[in-house]
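Have a look at the structure below before the remarks.
What follows draws every value from the coordinates through simple rules; no lab data is involved. What you see is a predicted model, and the numbers here were worked out from it, not measured in a lab. In this analysis, Cβ positions are derived from the backbone assuming ideal geometry, glycine residues included, and neighbour counts consider all displayed protein chains.
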């Protein structure tokens, strides 16, 4: 104890053998003293130790079993998480997250490569016709074919729906075309052979040599709506087109708010020497610097992204604003025809929305002709007729524009209660003498049918005196085109054609 050491031993107390143990506390020279009776004999102690050893061994075994089971479950969970993170659950192919990681490794090694985006035309139609399960089976065919057509070091993934991305270690266009042609044909063949349904798959692909997969997707989207081209290669024109599209979409709402969309008017004349009988409203986008963007630069995009819904009603408002300006100036207004998107006719509130605009400018509906494209009639004929009846009841006139440009049917002339038929300008393009005779016969019959049904006819695209003579011979009611005058600003139109009301 003087040395501060631990002490153990035994002693006898009241006839009992005792064990003791003393431990220094390092505080004031104090010791902790522990004592207890000796437990049984030496044999009993040996038995106790044996039992204790067995129990400890069992506990160690149990702990090892639990640790092993836990580690196994944890490992399985990790594998499941990795599979969910990197694999497509339908086909078993890798997903885009895995593709992008592998792509970064390719970039680091600086190997030459090409990315490919592969898709199926109208894959939604497969799901609609044959069910989701059959559609998934087609995706599995695609995965299987791709898996057997890639070289060592190449890889692919499934993105969404039927879109697959491939990374090929080829950079030669002809070689890539041949390889993709084989892949496309094998996918098509396997779907017919094992798909249990007769559906001839049509696939298309975009390729970007040495570029990321987004540019391959851009190349693929460039042929999305065509079936005569299977493979497209990315080029800088596509990139410029995307930049232009993004630029237009970023500026369209501010342009509408700032009234950069200007009303242009093209005069419409009577073919019986009635002179000016109306005008067609055309939109021009005037940039802040005074330059103009023409409709073919932005109208197709607006029809695609739905912005035309706002623009078409905006143009109705600009037409009403101009009619009111003529009236306020003591001028006799002429009716203005305004193009309207087919999407507007799907809105049951469309007639009421129009009347709110007209009432704001105190304009009669008889001064506004609503022009619709023939394609409107192919969607929902019953709804379209309902809307036309509602618009007629309010006093609007309805004109069908570009008749003959698409899939026109003479059935439209009696199925739709329209007031005016505008003949597509393509009818006036002369190719040959034989073509002219056939064209005349077709035009003559269309005009005759329309006249007997009480529908006025307008010939667009009159550019020569011969065009005018043809239209007069056919007894069309109205004509417009560069032969008479070009589209012009509303201000120029007013100065050139509008006269003071003699009353």
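At a glance:
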item	result
Peptides 303-315, 334-346 ordered by average Cβ neighbours within 10 Å, highest first	334-346, 303-315
Likely footprinting exposure, 172, 419, 237, fewest C-beta neighbours within 10 Å first	237, 172, 419
Dimensions in Å of the stretch 96-234 - Rg and Dmax from alpha carbons	14.6, 46
Translational D in µm²/s for the stretch 332-372 (Stokes-Einstein at 20 °C, 1.002 mPa s, Kirkwood Rh from C-alpha pairs)	194
Span from the the stretch 150-175 Cα centroid across to the the stretch 241-286 one, whole angstrom	45
Rotationally averaged projected area of the stretch 241-497 (alpha carbon convex hull; nm²)	14.7
Contour minus Cα-Cα distance for residue 249 and residue 136 (0.36 nm per residue)	37.2 nm
Residue exposure sequence - 243, 137 - by fewest surrounding Cβ within 10 Å	243, 137
Highest average packing first - 216-226, 98-108, Cβ atoms within 10 Å	216-226, 98-108
Residue 36 paired with residue 60, simple spin-label distance in nm, labels 7 Å along Cα-to-beta-carbon	2.3
Using distinct alpha-carbon pairs, which all enter the 1/r mean, Kirkwood radius of the stretch 446-503 in Å	13.3
